[in-house]
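Scroll down for the structure; my scribbles are underneath it.
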Amino acid sequence: MKLKKLGKKALCAAVSATMLATMAPLSLAAGDVDYKITNPYAGVDFATYNVYKGDLHSHTTFSDGHDSLPQMTERHYELGFDIYARTDHSTVSYGYMSHDYVPAMKVLGLIKNGVVGGEVLSETGTAENGKAYKVEVSEAGDEYYSQEGGHKMISVPFGNEQNGTSFNNAHVNTWFVDYGNGRLGGTSDYESVIKAVDEKGGLSVINHPGEYTNARDEIYTEDAYNKDNASYSYKIKKFENLLLNYDSCLGIDINSKGDGRTRHDRKLWDILLTDLVPHGRNVFAIATTDAHNLGIVYSGYTMHYMPENTSANLKANMSKGEFFAASKYVGNFNELVTLRDELVASDNSAAAAMIEKLNTIIEQSKIEMANGEEGQKYEAPETAESPLFTNVVVDEAEDTIALTAENALIVHWIANGKVIHVGNTIDLDDYSDEIGSYVRAEAYGEGGVMYTQAFTLEYDGAPEATPMGAFFDWGKIATIICDVPVRFLLSILPLDLIATIFG
């Protein structure tokens, strides 16, 4: 039995003193380890900070979205977003009132969706719901949209989904620096964008990696990101080298849209954490709508605890990983089975409806997956309250991490890609044989899922950094082969004329 009341460090001192005094071969309980826990939320004052809901990735008719900037703005506002990043392909967002379009992207969007238009907001006006709206600019230059009697929603400066004409969806989201407007090409080329934004002082993230890696095509999670597969091994190394070389690249998108293409990307996240934390590199995760239409704005999002909703605070918050990723969708079959089993074991009467829904999804998915289909997803009812972490307490003396979560039926903890504990509080000493360099938590409820960032761990016997070895990015060859003809073709077409006629 561990004596936790004194705290482990005090206990160590007491035991050492006793050993010296009696020369008896005393020892601590076998599981006790002195963990140094790096808490990404250490700088967050949960008692006084406000919590802001953000969408860091969405589209309009300025590229390949189906709906206009005013329509997307109003839909985000109606769903309670406080932070809105318009990230049209290769098109920098200059705010709510700026007519931002790149002729090439406008034409490609027209070809893809058959949608024309490029409406913007005015300083004042009337929203489609009949309410008066206004756009205000702060002294710091931040733009805010609000409707009469409502909250203010900031426009994230310079949002852009780079590599808009990439043939393999090697997309990178960037914010806070004016870069990439009209920059075409980008096939397989993550580094050029990430490096340029890093040098300018901005932030970036690797979008929906399951599209680039083709992990979205795997039916079973065990097949996705299998390092025995040469293609997956190469792509994992590619991401790891980028993340090691550029701190301003936050990490990866793990759950966007309806979690179809990203359903295996939590596995990638755990692989990256396992490999990179020993090198001193945490990997943050975001979730977004990646909305190309109004219907999917109800999907992924991030929650940011900050003293005030400003772009400066947001950039600092994102840089430190002081936010949570969340989604209304879960599309991973194995995760749904694990969740169902945890809820059943919890014997929580409040979970009955969700268990029934999960059983239906799981049984139908078994049939579909056996036929080579993707399977069903969990989609939270729009009226269901979403899980929300409202406090994080790390106690290094006790080796515990405690979470307070609202609207959650289950909180579980993951290390090395596996669930090791169910409950709001984890005592790391209870899992010393299963923990590697990090733990992270997920909260589930009828309203969806919320993910913490990883808590990284240092201790005697922790996994050591494995040499990365030499890496050659073969994507550079693909970039030359694909991008040169694309850029030439687009340079000779009368894109401005086409965009003027149809825009």
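Taken together, the values in this text are just the output of simple stated rules run on the coordinates, not laboratory data. Since the model is a prediction, treat every value here as computed from it, not as a measurement. FYI the Cβ positions are ideal-geometry reconstructions off the backbone, even for glycines, and counts take in every protein chain you see.
A few notes on this one:
- The stretch 214-369: C-alpha gyration tensor shape, a/c 1.5 cut-off, then a/b vs b/c: oblate
- For the stretch 272-287, 3J(HN,Hα) per residue [Karplus equation, 6.51 cos²θ - 1.76 cosθ + 1.60, θ = phi - 60°, Hz, x = Gly/Pro]: 4, 5, 4, 7, 9, 4, x, 8, x, 10, 6, 10, 8, 10, 10, 9
- Helix 103-113 vs. the chain, principal-axis angle (Cα, 0 to 90°, nearest 10): 80
- Summarising the amide proton neighbourhood of V135: residues at separation of 5 or more, or on other chains, whose placed amide H is nearer than 5 Å comprise T124.
- Label selected from [x] 77, 48, 40; [y] 72, 56, 43; [z] 91, 55, 53, the criterion being Cα extents along the principal axes in Å as computed here: [z]
- Global form of the stretch 247-336, assessed from the alpha-carbon gyration tensor, a/c cut-off 1.5: oblate
- Between the stretch 75-123 and the stretch 233-311, the alpha-carbon center distance in angstrom: 23
- Across the chain, the longest run free of exposed loop sites, meaning GluC sites (Glu not before Pro) lying outside DSSP classes H, G, I, E and B with no more than 15 other Cβ atoms within 10 Å, spans 149-307.
- Multiplying the residue separation of E382 and K112 by 0.36 nm and removing their Cα-Cα distance gives an extension gain of 94.3 nm.
- Candidates per trypsin sites (Lys or Arg not before Pro) in the stretch 215-280, loop by DSSP, up to 12 other Cβ within 10 Å: K227
- Chain lengthening between Y431 and E123 when straightened (0.36 nm per residue, less Cα-Cα): 105.3 nm
- Close amide H pairs (under 5 Å, H built 1.01 Å from N) link C249 with S204, residues at least 5 positions away or on another chain.
- Percentage relative contact order, the stretch 427-488, counting C-alpha pairs under 8 Å, at least six apart: 24
- The stretch 410-464 - Rg (one decimal) and Dmax (whole number), Cα, Å: 11.7, 40
- Computed from Cα atoms, the angle from the helix 333-346 axis to the main principal axis of the chain rounds to 50 degrees.
- The stretch 173-217: relative contact order as a whole-number percent, Cα under 8 Å and 6+ apart: 52
- Within straight-line cross-link reach of K152, lysines at Cα separation under 30 Å, skipping those fewer than 8 residues along the same chain: K53, K106, K131, K134, K200, K257, K315, K320, K328
- Annotation for the stretch 218-297: chymotrypsin sites (Phe, Trp or Tyr not before Pro) lying in DSSP loop with at most 14 further Cβ atoms inside 10 Å of their Cβ are Y220.
- Computed 3J(HN,Hα) for the stretch 364-373, one whole-Hz value per residue from the Karplus formula 6.51 cos²θ - 1.76 cosθ + 1.60 where θ = phi - 60°, is 5, 5, 4, 5, 5, 5, 5, 9, x, 9, glycine and proline marked x.
- Entry note, the chain: the mean residue ellipticity at 222 nm calculated from DSSP H runs of n ≥ 4, each adding -39500 (n - 2.57), is -9000 deg cm²/dmol after division by the residues and rounding to the nearest 500.
- The chain: relative contact order as a whole-number percent, Cα under 8 Å and 6+ apart: 17
- Radius of gyration, Dmax [the stretch 212-279; alpha carbons; angstrom]: 11.8, 33
- Long-range HN-HN contacts of G117 with modeled amide H, under 5 Å: none
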